[in-house]
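Heads up, the thing below is written out as C-alpha cells.
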Amino acid sequence: MISHHRIIRTCLLLAVSLMAALTVTASTAPRKKKAGPKAEWIEKVYDFGAFDESLGRVTCRFQAVNTGDEPLVVVSARANCGCTRPQYPAHPIAPGDTLTVSVAYDASGRPGRFEKKVYIVTNTDEHSTLSIRGTVIGTSNSLRGRYPVEAGRMRLATTVMPFGEIKKGRTGKHTMKAYNASHDSITPTVSGLPAYIKAIVEPSTVGPGEQFVIFATFDTGRCPTWGIVNDSITVSDGSGAPSAVNTVAIVKEDFSSMKYEDREKAPQATLSRTAIDFGQFERTAKPMHMTFTVTNTGKNPLIVRRLHTPDRAVTATISSTTIKAGKEATVKVTVDPSLIASGELLNARITLITNAPSAPSQTVRVVGEPTANP
C-alpha cells in the first residue's frame, strides 16, 4: 500500500518537472518582433548644382516611406546653419504612407560652394541626417565686397600681393583668394613671374561659381635686390582675359644671429647730410647735381647693398659700393627738371641700404621748387 507521504512527494516532483519544461519552452520559443514605425528614406542627399544667386531661396524635398506597423511622427528637424530651413508635417504618417520634408536654402549674399546638414528626430530608435549642397554663382553686387576686381570671368580679392618683410635667405608666402563668376569651368594661369616668385593655383580647374586661391612664394635667396622689391605678374582665366597683380616684398638683412663682439666690429654708415635742397629752379633748366658722402665710422668694411629712389626725376650714383673703415664714398644726386610733372614740387627720397646692423636703411630727402617758365 502506497503511503500518503509518497503520493504527495510524487505530485511535487511532477509539478517541478512541468514548470521546468514550460520555462525551457518559453525561453526557446521565437520572440515576436517589436512593433513600431520605421522611416526608409528614398534619398538623403540633394545637389542643387550651380545656380545664380539672384534666385534667392531654393527648395528641395526629401521623402521617406513608413515601412513600420505604427504611425511615424517627426519630433524635430534642425539645420546646422541659419540659412537652411527645414519644414515637416505635424500629423503622423500612417504605415505605408510617405513623409515629405522640405528644405530651403537662402543663397542671398552667399556666393560659392555650400554643403549643409539637416538633422531629423522621429519617434523611431534611429534618427536621420539629410544633406544639401550646391554652388551659388554670385551677382556683381554680392561679389563686389569680397572680390572687387573684375578679370574676365574671374573676380579677384585684390590686385596686390604683399609679402611683407622677409629676411635675406628666407622665403615669404602669400595667398590670394579669387572666384569664378561664370557658368563654365575655367583654368586660371599665372604668368610673368620673376625667378624668385613661384605661384600655384588651387584647384587647377575651377567649376562655375567656385572659389580658388593663388599660393605664391618669394625666395629671397634668388632675389638680387635689397629693400622694397616691386614686380607685376599676370593672372588669366585661361581664355586670354589677363589682369595685372602687383607684388611687394621688403628684403632685409638678418642680423639676429650676430654676436656681441661682431656688432662691436660692425661697419657704420654716417651720412654727411640727410636732406638736399635744390631751391627754386626753372622747369626748362638743365639737369642739376649735388653730392653727399657716406663715411664708414665702424671697423669692418661697409657694403652698400642698394642705393635707389622711386622718383623718375631723381637719380643717385655712388663712387664705391665697398667702403673701408675710416673711408668715405661720394653719392652724386642728379635732378632733371623736365621730368617733374607740371604743378608738382620736387619731393623725393633716396634710400641707402648697407650691411650696418645699427642702421641698415637710411634716407636722404631731396626737395626743390620748380618755377614757371618766364
Practice task
Mind checking the full-extension length gain between residue 115 and residue 144? Use 0.36 nm per residue of separation minus the Cα-Cα distance, one decimal, nm.
Solution key: 8.1 nm
Problem - Whole-number percent relative contact order across segment 206-322, with pairs defined as alpha carbons under 8 Å at least 6 apart - result: 20
Practice task
Determine, for each peptide in 200-207, 245-252, 226-233, the mean count of other beta carbons within 10 angstrom over its residues, then list the peptides with the highest first.
Solution key: 245-252, 226-233, 200-207
Fill in the blank from the handout: With segment 260-319 reduced to its Cα atoms and the Debye formula applied, log10 I(q)/I(0) at q = 0.17 1/Å amounts to -0.74
Exercise for the section: Could you tell me the convex hull volume per residue, in Å³, taken over the Cα atoms of segment 240-361? Expected result: 152
Fill in the blank from the handout: In nm, the gap between the two label points placed 7 Å beyond Cα toward Cβ at residue 248 and residue 338 is 3.2
Problem - Solvent-accessible area, 1.4 Å probe, carbon plus sulfur percent, for segment 281-323 - result: 54
Exercise for the section: Quick one: what are the phi-derived ³J(HN,Hα) couplings along segment 314-331, Karplus 6.51/-1.76/1.60 with θ = phi - 60°, whole Hz, x for glycine and proline? Expected result: 10, 10, 9, 10, 10, 6, 8, 9, 10, 10, 6, 4, x, 9, 9, 10, 9, 9
Problem - Radius of gyration and maximum dimension Dmax of segment 141-217, Cα, Å - result: 13.6, 44
Practice task
Please tell me the relative contact order of segment 80-182 in percent, rounded to the nearest whole number, where contacts are Cα pairs under 8 Å and at least six residues apart.
Solution key: 19
Handout entry: Acute angle (nearest 10 degrees) that the helix 4-28 long axis makes with the longest principal axis of the chain, alpha-carbon atoms
Key = 40
Fill in the blank from the handout: Per the rule of 0.36 nm per residue minus the C-alpha distance, extending residue 319 to residue 372 adds in nm 15.7 nm
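Using a Förster distance of 35 Å, how high is the FRET efficiency between residue 362 and residue 173, based on the Cβ-Cβ distance and rounded to 0.05?
Calculated transfer efficiency: 0.75.
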Handout entry: Ranked by how many other beta carbons lie within 10 Å on average, peptides 359-371, 172-184 from highest
Key = 172-184, 359-371
Problem - Amide H contacts under 5 Å for residue 52, placed H, 5+ residues apart - result: 137
Completion exercise
Checked segment 116-265 with the C-alpha gyration tensor, a ≥ b ≥ c its square-rooted eigenvalues, rounded below a/c of 1.5, otherwise prolate if a/b is larger than b/c and oblate if not; verdict oblate
Fill in the blank from the handout: Per principal axis, largest first, the Cα atoms of segment 83-182 extend in Å by 73, 34, 17
Handout entry: Relative counts (whole %) of C-alpha pair distances in the chain, using bins that are 10 Å wide
Key = 4, 15, 14, 14, 13, 10, 8, 7, 6, 4, 2, 2, 1, 1, 0, 0, 0
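The values are calculated or read from the model by the stated rules, or taken from the named source; none is laboratory data. Because the structure is predicted, anything quoted here is derived from the model rather than measured. As a convention, Cβ positions derive from the backbone with ideal geometry for all residues, glycine included, and neighbour counts pool all protein chains shown. Ligands, DNA and RNA are stripped out before the accessible areas are found, and what is left, the full protein with its side chains, is counted by its heavy atoms. Shrake-Rupley method; radii C 1.70, N 1.55, O 1.52, S 1.80 Å.
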